[in-house]
Amino acid sequence: MLLELFAPSRCLSCRGRGPLPWCAGCAERVRHLPEGCRRCAAPRGAAHACWPPDAPIHGTVAAFDYRGPVAAAVVTAKVAGARAGWPALARALGERMREVEVDADVVTWVTTPAARVRARGVDHAQVLATEVARVVDLPCVALLEAWTGGADRDRYRARRELPGTHVLLVDDVVTTGATAWRAADCLRRAGAGRVELAVLARAGTHPLGAVSRSVARGVRHQP
């Protein structure tokens, strides 16, 4: 109560006083994504380029369309340092996951390199994954290590072998799919059976995979 009095919560979109993640006005402009393409989460009926057949990701769930208040909230929480907003965003993704039948053995996340975690004070994808794991009643385990590679692309390495393990991989946003592809590719090469992706938001319906495939070819030679 005292914290709210002296440091009231602010909407992650307009920064006005209000509950996290969005005030009432911004919440009305949030675009929820209904159940769409099970493979890439694009809205049903929309012309879109899905994950290609050789993608290491078998299915995708997204809670929101990445625009307006959703995009502003992610940028604010990630770049502007309002890290207290991540638990509220995680709960929003958790609510979406209540509607989904999950066939997985474990939940993990697209790990952020340690230097950025120190700078931001939080690994936001871990916060999202922890809430998702609670909702779907599965263990949440760190399965990936991350570091920044060439061209500022994050690279990943599996922490352990995963023979036949079905994994639910969590991240904040899927745009081109390149980051999720690299992370999922590492899990598959460690033996994971199936990798499903759950994200807070999907950015547009543009092609997934064109950039991802070429990047994945390079990541296979990581140390």
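Summary of computed values
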{"quantity": "Using alpha-carbon coordinates, inclination of helix 210-219 to the longest axis of the chain, degrees", "calculated": "60"}
{"quantity": "Residue among HIS32, CYS14, LEU138 farthest towards the positive dipole end of the chain, charges placed on Cβ", "calculated": "CYS14"}
{"quantity": "Crossing angle, helix 69-78 versus the chain [Cα axis fit, 0-90 degrees, rounded to tens]", "calculated": "80"}
{"quantity": "Kirkwood hydrodynamic radius over Cα pairs of the chain, then Stokes diffusion coefficient at 25 °C and 0.890 mPa s, in µm²/s", "calculated": "138"}
{"quantity": "Contact order relative to length of region 32-219, as percent, for alpha carbon pairs under 8 angstrom and 6 or more apart", "calculated": "28"}
{"quantity": "Helix axis angle, 86-97 relative to the chain longest principal axis, alpha carbon, degrees", "calculated": "60"}
{"quantity": "The chain: antiparallel DSSP beta bridges as a percent of all, rounded to 5", "calculated": "30"}
{"quantity": "Cα centre as origin, Lys/Arg/Asp/Glu Cβ charges: the chain dipole, Debye", "calculated": "640"}
{"quantity": "For the chain, with +1 on Lys and Arg beta carbons and -1 on Asp and Glu, the positive-most of GLY68, VAL102, LEU162 along the dipole", "calculated": "GLY68"}
{"quantity": "Net charge, ASP123 excluded, C-beta distance under 15 Å - Lys, Arg +1, Asp, Glu -1", "calculated": "+1"}
{"quantity": "Packing-based order for 167-175, 81-89, using average beta carbon neighbours within 10 Å, highest first", "calculated": "167-175, 81-89"}
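Read-outs: derived from the displayed coordinates by stated rules, not from any lab. Computed from a predicted model, the values in this text were never measured in an experiment. Cβ atoms come from the backbone with ideal geometry, glycine included; neighbour counts cover every protein chain shown.
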